[in-house]
Amino acid sequence: MYYNEKRKFDVTCIGKANLDIFYYVDTLEHEKNHIAKEFYYYAGGKATNVAINLSRLGLKTALISAIGNDIFGQKLLEILEKENVKFNGSIVNASTSLTSIIVDDLGKNTIFHNLGANSLLSPKLIPENLSFVFIQSGIPIKSLIKAINSSKRIFLELSETSQFDQLKNYLKKVEFVSLNESELNNIFKTDNLETNLELLSKYTNNIFLKMGEKGLLYKTTSGKIFYKPAKKIKVKNTTGAGDAASSAFIFGIINNWDIEKILSFSIDYSSKIVKSKYST
């Protein structure tokens, strides 16, 4: 299946499609056998999570990704259909990407992931003149660059920091660059937030920074900084919290909200997700 230009989408998400498998345990110990108290599976991957979240919020969303021709891929397609997300990617002769997520009593997760079919996401799948896109790094670099060059408005999740050097000369084409604090520190090999933001600003326009328990920060092209603290709540599962914040931010941008309202909504929406047993 390929992108259908006859249908207008509010947001097209380009990136990974995984089947997430969740194991809930009391604690995680090395070289120990663990019996899960709870076990679930659902669609995952940043692009997939954002597409599902935005669909639930009422937007028309499409997903461009690569899914394996196997039973896991079939399950993913069933979930996407149920969530009203149009799959405009491809079915490939490879294993669907699986992500095993072990969640402890504090809601902290340990993740094991294989790229699988995601490594075969071809730039040929990406059409020209997309209006608003969410792009997830970590897919093949040629596909990333094609997505950036083919889109009018771009929200880029820079979670795969190993690709920064290959992408940095394209980032001025991106309206919003998003990442978490750990990823920002990893790019510039320092934990000085002010310095790292200043360094990233040399390559980017607007920066959306997710800071976990500390909250959210937004830095504009002009250098103005907005900050919204996180809520203190009981956490079930932190998987997908950052994707939820990104989804809410995009929803606010699409609806032309002011940045204070967008950040407040992003905090509220991600706070709901961390109470979920899934990543959406």
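Structure notes:
- Taking a Cβ cut-off of under 14 Å around residue 98, the surrounding Lys, Arg, Asp and Glu residues balance to a net charge of 0, with basic ones at +1 and acidic ones at -1.
- Cα gyration tensor shape of the stretch 130-280, rounded if a/c is under 1.5, else prolate or oblate by comparing a/b with b/c: rounded
- Volume per residue of the C-alpha convex hull in the stretch 10-86, rounded to whole Å³: 118
- Cα convex hull of the chain, projected area averaged across orientations, nm²: 14.4
- The residues packed around residue 27, meaning those with a beta-carbon under 15 Å from its beta-carbon, carry a net charge of -3 if Lys and Arg are +1 and Asp and Glu are -1.
- Long-range tail of P(r) for the stretch 134-197 (Cα pairs > 15 Å, %): 48
- With contacts taken as Cα pairs under 8 Å at a separation of at least 6 residues, the stretch 47-164 carries a relative contact order of 20 percent.
- Over the chain, relative contact order from alpha-carbon pairs under 8 Å, at least 6 apart, %: 16
- Rounded to the nearest 10 Å², the accessible area of residue 214 at probe 1.4 Å: 100
- Estimated at the nearest 10 Å², the accessible area of residue 261 is 100 Å² with a 1.4 Å probe.
- GNM result for the chain, Cα springs below 10 Å: residue of 227, 40, 218 fluctuating most strongly: 40
- Amide hydrogen neighbours beyond the local backbone of residue 99, cut-off 5 Å, H modeled: 19, 20, 21
- DSSP-defined beta bridges in the stretch 22-170 - what % are antiparallel, rounded to 5: 35
- Of the beta bridges in the chain, as assigned by DSSP with both residues counted there, near 35 percent are antiparallel.
- Average Cα contact separation per residue, the stretch 141-280, under 8 Å, 6 or more apart, as relative contact order %: 17
- Candidates 35, 141, 254, ranked by Gaussian network fluctuation over the chain, Cα under 10 Å, top entry: 35
- Stokes-Einstein D for the stretch 1-146, Kirkwood Rh over Cα pairs, 4 °C, 1.567 mPa s (µm²/s): 82
- Residues considered: 157, 29, 213. Largest GNM mean-square fluctuation over the chain, using C-alpha springs under 10 Å, is found at 29.
- Förster radius 41 Å - calculated FRET efficiency between residue 222 and residue 93 (Cβ-Cβ, nearest 0.05): 0.25
- The stretch 168-217 shape via C-alpha gyration tensor axes, a/c threshold 1.5: oblate
The values are calculated or read from the model by the stated rules, or taken from the named source; none is laboratory data. If you're wondering where the values come from, they're calculated on a predicted model, not measured in any experiment. In this analysis, Cβ positions are derived from the backbone assuming ideal geometry, glycine residues included, and neighbour counts consider all displayed protein chains. Accessible surface areas use protein heavy atoms only, side chains included; no ligands, DNA or RNA. Shrake-Rupley method; radii C 1.70, N 1.55, O 1.52, S 1.80 Å.
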